[in-house]
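Reviewing the structure listed below.
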Amino acid sequence: MSAASEPVYDAIVIGAGPTGLACAIEIQQRDLSVILLEKGCLTNSLYHYPPHMTFFTTPELLEIGNLPMTSLNEKPNRTEALKYYRRVTQYFRLDVRQYERADRIEGQDGDFHVWTSHRVGRTGHHRARKIVLSTGYYDLPNLLDIPGEALSKVMHYYREPHPYWDMDVAVIGGKNSAAIASLELFWAGARVTLIHREPQLSNSIKYWIKPNIENRLKKGEIAGYLSSTVEDITEDCIRVRTPDGEKWLKNDFVFALIGYHPDIEFLRHMGIEFDPATRRPKTNPDTLESDRPGVYLAGVLVAGMHTNEIFIENGRFHGAQIAKDMERRLTGHP
Ligand SMILES: Cc1cc2nc3c(=O)[nH]c(=O)nc-3n(C[C@H](O)[C@H](O)[C@H](O)COP(=O)(O)OP(=O)(O)OC[C@H]3O[C@@H](n4cnc5c(N)ncnc54)[C@H](O)[C@@H]3O)c2cc1C
């Protein structure tokens, strides 16, 4: 298609997670044209969560576009959430371009060019007046940065416990993900050691999980090393620095579940400025426009390294803030 005949959308939303979908719905409801680019499948991050996970949140707090979400239980599981977001996307007839990654954005407010690559290697190009970035944080795990981390036995994502039955497994971390993985692995018959650098597990662990993990640690059913750090990982062992000195522990697998972070480099290439300490991108708190005019940020991206501040629960409201400003700027509508 020649550049002259190429459609120019009012907006391109990059990332079709819950936040990106909420943004596209709000934009479309204001009669503005919008497409979403998604490098994986619809709600790709949720798809990659542990298959049997249950959300911490009750269904109404995951709703977007005012479409009711229901669940068989008090809290929905991953399968129910995936079904719900598929249904929402169909209902609003959102134009989601799955398996199309946004690689580069050029141009300026009113005339942006987005270069993309498809699953099959083809490249693409789209034009839009405004850009919304809602690329999340789940693609980039925080790293331990220690020798042995690149071994194939070291994982930064936990899915399910079966492969680790009768194995020596170390879980590193002290928040919800580490607590849940430790418990599930223990229940499935793995010999689990939980290692956390702080003197106690995080207070952010959900109230129905915390006593469970604490009791398993107290009884010694799960071995616990607090105020401790893993310093080295080898094929068969890990070296742990503990308050009682250094220990070598027999080990088959390591789950380093110490969080995730947004793709700061991608944002930096887009010319977006950050607070150096928090990596929080500079945004207008009312409109969520970044300091690159015409580029809005939505969802967990807005929190920088403080990824525990924005969830689906609150990130879903960014869509209305952004779309309102976009409408005002594109149509002059107050
Ligand atoms: C195990 C777990 C349980 C959780 N439970 C809850 C809960 O109970 N309640 C709650 O509110 N929150 C929960 N959260 C947090 C919540 O899932 C995230 O805050 C939420 O997914 C953020 O939504 P988002 O749309 O901003 O980002 P994401 O859902 O991460 O979506 C970002 C999307 O952008 C895509 N993308 C990235 N880069 C590109 C690119 N260059 N081009 C195209 N597409 C791109 C990604 O593939 C992804 O689909 C949980 C998180 C985890 C890890």
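Structural remarks
- Dimensions (Å) - the range 227-334, Cα atoms, principal axes, largest first: 66, 28, 24
- Taking label points 7 Å from Cα along the Cα-to-Cβ direction, residue 48 and residue 214 give a separation of 3.3 nm.
- Förster radius 56 Å - calculated FRET efficiency between residue 6 and residue 278 (Cβ-Cβ, nearest 0.05): 0.90
- Cα gyration tensor shape of the range 16-175, rounded if a/c is under 1.5, else prolate or oblate by comparing a/b with b/c: oblate
- Rounded to 5, percent antiparallel among DSSP beta bridges of the range 154-256: 40 percent
- Percent of C-alpha pairs per 10 Å bin in the chain, short distances first: 5, 24, 29, 22, 14, 5, 1, 0.
- The stretch between residue 328 and residue 157, if pulled fully straight at 0.36 nm per residue, gains 57.4 nm over its current Cα-Cα span.
- Crossing angle, helix 18-29 versus the chain [Cα axis fit, 0-90 degrees, rounded to tens]: 20 degrees
- Pairs spanning more than 22 Å between alpha-carbon atoms, out of 75/210; 153/219; 206/250; 39/153: 153/219; 206/250; 39/153.
- Beta bridges per DSSP, both residues in the chain: antiparallel share near 50 percent.
- Ordering of 57-66, 164-173, 7-16 by packing [mean C-beta count within 10 Å, highest first]: 7-16, 164-173, 57-66
- Rounded FRET efficiency, nearest 0.05, which uses the C-beta distance separating residue 221 from residue 103 and R0 of 30 Å: 0.05
- Assuming charge only on the beta carbon of Lys and Arg (+1) and of Asp and Glu (-1), the dipole of the chain about its Cα centre is about 500 debye to the nearest 20.
- Cβ-Cβ FRET estimate between residue 229 and residue 66, R0 fixed at 41 Å, reported to 0.05: 0.30
- Under 5 Å, built H, 5+ apart or other chain: amide partners of residue 136: 300, 301
- With N counted as the residues of the range 1-103, its alpha-carbon radius of gyration over 2.2 N^0.38 Å works out to 1.16.
- Maximal additional length on extending the residue 242-residue 125 stretch stands at 36.8 nm, based on 0.36 nm per residue less the C-alpha distance.
- Set of the range 295-334 residues, backbone N closer than 12 Å to the point 7 Å along the Cα-Cβ line of residue 57: 299-300, 309-319
- Relative to the Cα centre, the charge distribution of the range 75-205, modelled as +1 at Lys and Arg Cβ and -1 at Asp and Glu Cβ, gives a dipole magnitude of about 680 debye.
- Where a label projected 7 Å from the Cα of residue 75 along Cα→Cβ would reach, residues of the range 200-234 with amide N under 11 Å: 205-210
- Exposure proxy for 120, 230: other Cβ atoms within 10 Å of each Cβ, ordered fewest to most, give 120, 230.
- For trypsin sites (Lys or Arg not before Pro), the sites in the range 184-224 that DSSP calls loop and that have at most 16 other Cβ atoms within 10 Å are 197, 206, 219.
- Compactness of the range 163-253 is given as radius of gyration and Dmax, 12.3, 36 Å, from Cα positions.
Rule-based calculations on the coordinates, nothing more; no lab input. These numbers were taken from a predicted model, which means no experiment stands behind them. Neighbour counts are summed over all protein chains in view; Cβ atoms, including those assigned to glycine, are modelled from backbone coordinates with ideal geometry.
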